[in-house]
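See structure below.
The values are calculated or read from the model by the stated rules, or taken from the named source; none is laboratory data. Everything numeric here is computed off the predicted structure, so don't read it as measured data. Here Cβ is always computed from backbone atoms with ideal geometry, including for glycine, and neighbour counts include all displayed protein chains. All accessible areas refer to the heavy atoms of the entire protein, side chains included, with ligands and DNA or RNA removed. Shrake-Rupley method; radii C 1.70, N 1.55, O 1.52, S 1.80 Å.
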Amino acid sequence: MIIKNLPFTSEEYDRRIALVRGAMDAAGIDTLFVTDPSNQAWLTGYDGWSFYVHQGVILRGDGDPIWWGRRQDSAGARRTVWMDDDHVRGYDDHFVQSTERHPMQELSGILQELGAKRIGVEMDNYYFSAKAFAVMETCLPEAEFVDATAMVNWKRAVKSEPELEYMRNAARISEKIIDGLLERVEPGVPKNEVVAEIYRDAVRGVDGAWGDYPAIVPLLPSGSDAAAPHLTWDGRPFETGEATFFEISGCYRRYHAPFCRSLFLGTPPDFLKRAEAALVEGLEAGLDAARAGNRACDIANALAAPLEAAGIERGERCGYPIGLSYPPDWGERTISLRVNDETVLEPNMTFHFMPGLWMADWGLEITESIRITENGAAECFCNRPRKMFVKP
């Protein structure tokens with residue numbers, strides 16, 4: 001007998017499925033095929049490192065969802081999804097990376113069996129390929145396909161209380177990681193050695209919360225490399241006279257709380273101190289604007305004013321929704337905190353407020369993961385000084 005350690009109650013999964021079915025009804029979809037592993041987990045609890053092969057969740061207007069994937073991964077599905085075993089379907093291994101057949105041929109047979117006629121698929125998704133869609137079109141010539149990209153993602157925007165507790169656990173791990181970085185980083189210490197400690201802190205977790213793997217690896221460029229927001233690490237040592245930003249996240253049961261702080265080794269130049277002051281002022285103004293009833297763009301505009309007054313222009317968005325996620329991204333890919341996004345903020349929406357500065361030859365990141373509260377300014381998941389740290 002398999003004993004399941006489900007992250008949520010059946011009532012929580014029922015709530016989620018009802019939300020998605022409402023969206024399906026509005027779009028006139030009778031069958032939804034979900035390939036994003038974050039959405040699969042959110043709907044069914046499925047958790048495994050198998051998203052490099054074709055898999056997904058089939059959701060109809062009634063009945064329990066069906067998890068479908070590689071047969072060897074169906075054992076993991078039976079151990080992690082809340083549905084009974086007869087709602088787990090696996091395809092033969094001869095479909096995997098074959099030049100003669102494709103898994104979507106097998107899936108199409110299931111969809112025919114279910115009588116699917118108007119099928120929603122996540123067209124713009126990391127995990128759904130052009131070949132997959134082409135095979136489905138060929139095998140299901142009578143079906144109509146509808147782009148259901150982010151249909152489930154949008155229903156994930158407002159978090160339940162259990163989800164928020166998981167994110168608070170992740171935030172405690174994020175704090176632990178940043179504390180360790182500030183202690184260990186010194187001139188001459190190789191970056192890869194520090195990253196090894198990041199992973200140790202992340203996976204060991206904190207009392208009451210073990211650490212899961214984050215959806216993004218640690219990012220920690222230094223000096224002029226910090227002009228690039230997404231560089232990882234190498235074996236070079238940290239050097240005096242350089243700022244490094246550290247972009248990390250604790251993760252608990254796939255829920256994230258991204259957190260970024262910057263550290264300067266030596267005496268920071270005046271231009272960097274001025275940038276720090278403007279960034280912190282903008283960050284705090286944005287946090288004050290992050291209120292239920294305001295819009296996503298209100299946060300971005302509040303951030304921009306102090307930066308512009310300091311002569312700093314940044315055209316990028318300054319944040320995105322967060323929560324449950326799998327590689328390669330811990331964002332939910334819906335709302336953007338930017339000047340042209342007028343999405344109204346609701347209580348228990350959660351964001352990484354991420355106003356990074358990436359200039360021509362330097363960079364600076366001071367960020368917060370936040371929850372929109374019922375009344376008042378946002379709750380910050382992490383609690384560490386909002387500044388650029390300095391080690392003389």
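If you roll a 1.4 Å probe over the heavy atoms of the protein chains, what accessible area per residue do you get for segment 161-390, in Å²?
39
Could you tell me which chymotrypsin sites (Phe, Trp or Tyr not before Pro) in segment 308-388 are loop residues by DSSP with no more than 10 other beta carbons within 10 angstrom of their beta carbon?
none
Please compute the contact order of segment 10-156 in relative form: average sequence separation of alpha-carbon pairs under 8 Å and at least six residues apart, divided by the residue count, as a percent.
25
Taking R0 as 51 Å, what's the FRET efficiency between Y52 and E284 from their Cβ-Cβ distance, rounded to 0.05?
So, using R0 = 51 Å, E works out to roughly 0.75.
For segment 256-276 and segment 309-341, compute the distance between their C-alpha centroids and round to whole Å.
What the calculation gives is 20 Å, centre to centre.
Let me spell out the model: positive unit charges on the Cβ of Lys and Arg, negative unit charges on the Cβ of Asp and Glu, origin at the Cα centre of segment 161-390. What dipole size does that give, in debye rounded to 20?
Roughly 240 debye for segment 161-390.
Which of the trypsin sites (Lys or Arg not before Pro) across segment 105-149 are loop residues per DSSP, with 15 or fewer other Cβ within 10 Å?
Passing sites in segment 105-149 are K117.
Skipping prolines and chain starts, which residues have an amide H placed within reach, meaning under 5 Å, of the one on R118, given they are 5 or more residues away or on another chain?
D30, T31, E144
Which of the lysines could be linked to K159 by a straight reach, that is with a Cα gap under 27 Å, when you skip same-chain ones fewer than 8 residues away?
Partners within reach: K4, K176.
Roughly how many Å² is the accessible area per residue of segment 25-67, as a whole number, for a 1.4 Å probe?
I get 29 Å² per residue for segment 25-67.
Using DSSP, restrict attention to beta bridges with both residues in segment 10-156 and report what percent are antiparallel, rounded to the nearest 5.
Of all bridge pairs located within segment 10-156, approximately 40 percent are antiparallel.
With contacts defined as alpha carbon pairs under 8 Å and 6 or more residues apart, what's the relative contact order of the chain in percent?
14
Hey, could you pull the Cα Rg and Dmax for the chain, both in Å?
So, for the chain, Rg and Dmax equal 22.4, 69 Å respectively.
For the chain, what is the calculated [θ] at 222 nm in deg cm²/dmol (nearest 500), taking -39500 (n - 2.57) for each run of four or more DSSP H residues and dividing by its residue count?
-11000 deg cm²/dmol
For segment 193-200, take each phi angle, set θ = phi - 60°, evaluate the Karplus expression 6.51 cos²θ - 1.76 cosθ + 1.60, and give the result in whole Hz per residue in order, putting x for glycine and proline.
Ordered by residue, 3J(HN,Hα) equals 5, 5, 5, 4, 6, 4, 5, 5 Hz.
Please report, as a whole percent, how much of the solvent-accessible surface of the chain comes from carbon and sulfur atoms (probe radius 1.4 Å).
With neighbouring chains kept in place, the figure for the chain is 49 percent.
With both partners inside the chain, how many of the DSSP beta bridges are antiparallel, as a percent to the nearest 5?
Antiparallel: roughly 70 percent of the beta bridges in the chain.
Using only Cα atoms and rounding to the nearest 10 degrees, what angle (0 to 90) does helix 10-27 make with the longest principal axis of the chain?
80
In whole percent, what relative contact order does segment 8-91 give with Cα contacts below 8 Å and a gap of six or more residues?
Reported relative contact order: 25 percent.
Provide the descending list of Cα extents for segment 161-390 along its principal axes, expressed in whole angstroms.
Between the extreme Cα coordinates on each principal axis of segment 161-390 lie 49, 44, 27 Å.
Short version: ³J(HN,Hα) in whole Hz for each residue of segment 248-264, in order, from phi by Karplus 6.51 cos²θ - 1.76 cosθ + 1.60 (θ = phi - 60°), x for Gly and Pro, what are they?
So the Karplus estimates, Gly and Pro as x, are 9, 8, x, 9, 10, 6, 6, 9, 10, 9, x, 7, 10, 9, 10, 9, 10 Hz.
Using every Cα-Cα pair within segment 260-353, state what percent have a distance larger than 21 Å.
Summing the P(r) tail past 21 Å for segment 260-353 gives 38 percent.
Kirkwood Rh, Cα Rg: Rg to Rh for segment 10-156?
Value, to two decimals: 0.92.
DSSP loop (so not H, G, I, E, B), at most 15 other Cβ within 10 Å: list which chymotrypsin sites (Phe, Trp or Tyr not before Pro) in segment 42-80 pass both filters.
W49, Y52
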